[in-house]
Number of protein chains: 2
Amino acid sequence: MGVTIHDVARAAGVSVASASRALSGRRKVTPEIAERVERAAAELGYRPNAVAKALRDQTTGTIGMIVPGIGNPFFTTIVEAVESRLQETGRDLLLCASRYRPDLEARRLETLLARRVDGLIISPCDIEASVPAVLNAARRVPLVQVDRYIEGGGADWVGVDDDSALAQAVDHVVRGGARLVTFVGSRLMNSSARSRLSGFERAAARAGVDATPPLLGEFTLEWGVEAGRLLLDGGAMPDAVVCGNDEIAVGLVRALRTGGVRVPDDVSVVGFDDVGHASMCDPPLTTVRQPVEEMAAEAVRLLGQVRVSDPRPAQRIAIAPRLVVRETSRPVPAGGGEVSVNGRGTA
Amino acid sequence: MGVTIHDVARAAGVSVASASRALSGRRKVTPEIAERVERAAAELGYRPNAVAKALRDQTTGTIGMIVPGIGNPFFTTIVEAVESRLQETGRDLLLCASRYRPDLEARRLETLLARRVDGLIISPCDIEASVPAVLNAARRVPLVQVDRYIEGGGADWVGVDDDSALAQAVDHVVRGGARLVTFVGSRLMNSSARSRLSGFERAAARAGVDATPPLLGEFTLEWGVEAGRLLLDGGAMPDAVVCGNDEIAVGLVRALRTGGVRVPDDVSVVGFDDVGHASMCDPPLTTVRQPVEEMAAEAVRLLGQVRVSDPRPAQRIAIAPRLVVRETSRPVPAGGGEVSVNGRGTA
DNA sequence: GGGAGTGTGGTAATCGATTACCAATTTCTG
DNA sequence: CAGAAATTGGTAATCGATTACCACACTCCC
């Protein structure tokens, strides 16, 4: 396999320079030559070799992307959105999964750099362990972090405004009558875990509502189930639980219901992400919708602005999300203000 | 950015040939030179340029993969499994989504070929419209189809054994007491839709059970809900419904329950895929588990065997799946044989 | 009609790593 | 110790597309 531009030039009876110019149109050639070259290219089935072009142009037209795992529907959605943005400008996506392991992440970064990607979009798996590899990569090629980020703020970032998100979630359950609220999230190994917890704490304080100590485990359904059991056993059942992601929320709802607690009548539950299962669960989950399309668009846009040579201050773009009210939270009375508690019974 | 092997050679005071040989170890060099080159490479932070290597070696170490959509958790799971298989042999994945459109699919194939991928793994979105682009690509580079395939059988394929799958599903509900069974799937635009329907029909005939006309729509939750309503309105409620994928099944269960039909007491429901939501739903879904890891492993293995030059007959590898019994199907009595119908009430 | 200006084609360098081939040196053998 | 054999270093070609640079031909104007 391999019709080269030399073959085309020979078949058309012209030089490679003319063939290249006729095909790219970057300099004028006589109509007759253009015609002959085009015919020859078509007949031979010529396809330009992108590898050679990349070597010559010092640009590959590929963007590398590393996410912790494609099993997580949130990352999937981001990947899909980024891929489609890139296609708009004729670029392709080299996708890697770090499997939540900083060592693999560092290796993937190296191979992507060796492949001379034009840029990198990454959601670093660990807020601390990912730092050196990410900073090093950022020094060699435009790099934008999405969703998760590394500490120290050395590289651009696009993500959701966790403060706004948690404020909306907390305000919503408070307006539904909640007075005692619990946060169930993940251990603080990545930025999302941290900023969602602190967002929650700020929001609870601002709303003047009591918060029980947070339950921190993993971003999984299983942890949600376990957290539910802990709440059931713990004695002090809150009026509302705000979760770090939808999977936790789904597990939590299941465990609570199994334990005889009614959702939302006894306890309101709010998730986070709204990708994948949230609307498919029974009952459909009230949750904060990640602005995935906007995040992808911003990340790709930002990538085009980064110049490795002149280090500007790192950009941080936090996009405000929207709360999607479904059926796991108690309805807010029409007035919208605080209301009296009615018909609820805690464990 | 760009430390080349020339820079390393100069710094080490040797020729590029020696530098290359010292670093690759493909021919012996004196220990002293090896030492000097390695030190120079380390000090300069030399990273070989994979693009140049690809041009010279005529092999890129990348595999292109095209799936209809990454939003679908089944494809996600396959992508993840393939990615991790490829990593084992140091290859990377160039991922594209066709968004269920044959025209986009054809374009993605062209760009992947232009990037000189070493092979292609594709799940063609349309059994008819995808044919020319896929066959053309298969002529230029090793190509393996996964899950979906094009008609005519011109290219290798790895997928699930739909006959075995549907036989297991039908036998299971029949042993649970079902006598009237319905299939709810997708319109016959892709191979999965077709072979699952025909697998169902064969299985029903073999089991000697009555099948109502199949309901065919799309592989979505929404269609599942709609199909559920059709069944509720239709008068003749079956004892069991076998679905073309899990999303349909989840929607169906929800609609039936909303309509007052108990699952599994009144109607057994079986899904297909067992990726993503199946176990997260309430109640957890009885479903056929796609052998995703095995499919990915086979696809990658097969890719290594295809030689574009000598066209062997196309391979077709159908992997038998396993039924995962959860809570949407009536239990099979211990004996395992047919049982009498009890306690069911149709609409 | 000659010199300046314009348009267009071809030759060869370039991107970076690898390696065929040659040359030089060392080692071995009788 | 001469000559053969083995080892190892260097030079330059190679992969394919692009383009800087040069050369040639033609037009225009005074």
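Mean partner shielding of peptide B:114-125, defined as the number of other chain Cβ atoms within 10 Å of each residue Cβ, is 2. Summing Lys, Arg as +1 and Asp, Glu as -1, what charge do residues with Cβ under 14 Å from the Cβ of A:C281 carry, A:C281 excluded? After counting each charged neighbour, the total is -4. Treating each Cα of the range B:5-48 as an identical point scatterer and ignoring solvent, apply the Debye formula and state log10 I(q)/I(0) at q = 0.24 Å⁻¹. Here log10 of I(q) over I(0) equals -0.68. Shape index of the range B:162-291: Rg/Rh, with Rg the Cα radius of gyration and Rh the Kirkwood radius from the inverse mean 1/r over Cα pairs, equals 0.92. The residues of the range A:24-52 listed by number as losing at least 30 Å² of accessible area in the complex, against the isolated chain and with a 1.4 Å probe, are A:R47, A:N49, A:A50, A:V51. Charges were assigned to the Cβ only: +1 to each Lys and Arg, -1 to each Asp and Glu. The resulting dipole of chain A about its Cα centre is roughly 1240 debye.
Sorted from nearest, the other copies put their B:K28 label points 6.4 nm away, the label point being 7 Å from Cα in the direction of Cβ. Report the calculated FRET efficiency for A:R262 and B:R316 (r = Cβ-Cβ distance, R0 = 45 Å), to the nearest 0.05. According to the calculation, E is roughly 0.30.
Plainly put, the tip 7 Å out from Cα toward Cβ on A:T212 is 4.6 nm from that tip on each other copy, the closest given first. As a fraction of the 1.4 Å probe accessible area of the range A:26-159, surface on carbon and sulfur atoms comes out at 50 percent.
With a Förster radius of 56 Å applied to the C-beta separation of B:A205 and B:Q58, the computed FRET efficiency comes to 0.60.
Sorted from closest to farthest, the other copies place their A:R312 label points 5.6 nm away, with each point set 7 Å from Cα along Cα→Cβ. Computed from the C-beta positions of B:R47 and B:E128 and an R0 of 51 Å, the FRET efficiency is 0.65 to the nearest 0.05.
Total buried accessible area between A and B, probe 1.4 Å, nearest 100: 4500 Å². Simple spin-label estimate for A:R107 and B:L188 gives 4.7 nm between the two label positions (7 Å along the Cα-to-Cβ direction from each Cα). Just going by the charge dipole of the protein assembly as shown, with Lys and Arg at +1 and Asp and Glu at -1 on Cβ, which of A:V3, A:G61, B:L303 is farthest out on the positive end? The listed residue farthest towards the positive side: A:V3. Taking label points 7 Å from Cα along the Cα-to-Cβ direction, A:E327 and A:L232 give a separation of 2.1 nm. Expressed per residue, the C-alpha convex hull volume of chain B stands at 171 Å³. Residues of the range B:140-189 whose accessible area (probe 1.4 Å, heavy atoms of protein chains only) drops by at least 30 Å² once all protein chains are present, relative to their chain alone: B:R140. Using +1 at the C-beta of Lys and Arg and -1 at the C-beta of Asp and Glu, which of A:A278, A:I248, A:F183 has the Cα lying farthest in the positive direction of the dipole of the range A:162-290? So the residue furthest toward the plus end is A:F183. Of interest is the spacing of the C-alpha centroids, which for the range A:153-223 and the range B:288-332 amounts to 42 Å.
Excluding same-chain neighbours fewer than eight residues apart, the lysines reachable from A:K53 by a Cα-Cα span under 23 Å are A:K28, B:K53.
Once every Cα of the range A:105-206 carries one equal point scatterer and solvent is ignored, give the base-10 log of I(q)/I(0) from the Debye formula at q = 0.17 Å⁻¹, two decimals. The computed values of log10 I(q)/I(0) come out as -0.76.
Accessible surface area normalised per residue over the protein assembly as shown is 42 Å², counting heavy atoms of protein chains with a 1.4 Å rolling probe. Computed about the Cα centre, the dipole magnitude for the range B:250-308 is approximately 140 debye when only Lys and Arg (+1) and Asp and Glu (-1) carry charge, each at its Cβ. To the nearest 10, the accessible area of A:W223 is 30 Å² with a 1.4 Å probe. Rounded to two decimals, the Cα radius of gyration of the protein assembly as shown over 2.2 N^0.38 Å is 1.08.
The values are calculated or read from the model by the stated rules, or taken from the named source; none is laboratory data. Because the structure is a prediction, the values reported are computed rather than measured. So basically every Cβ, Gly included, is an ideal-geometry build from the backbone, and we count neighbours across all protein chains shown. Remember, those area values only see protein heavy atoms, side chains included, never the ligands or the DNA or RNA. Shrake-Rupley method; radii C 1.70, N 1.55, O 1.52, S 1.80 Å.
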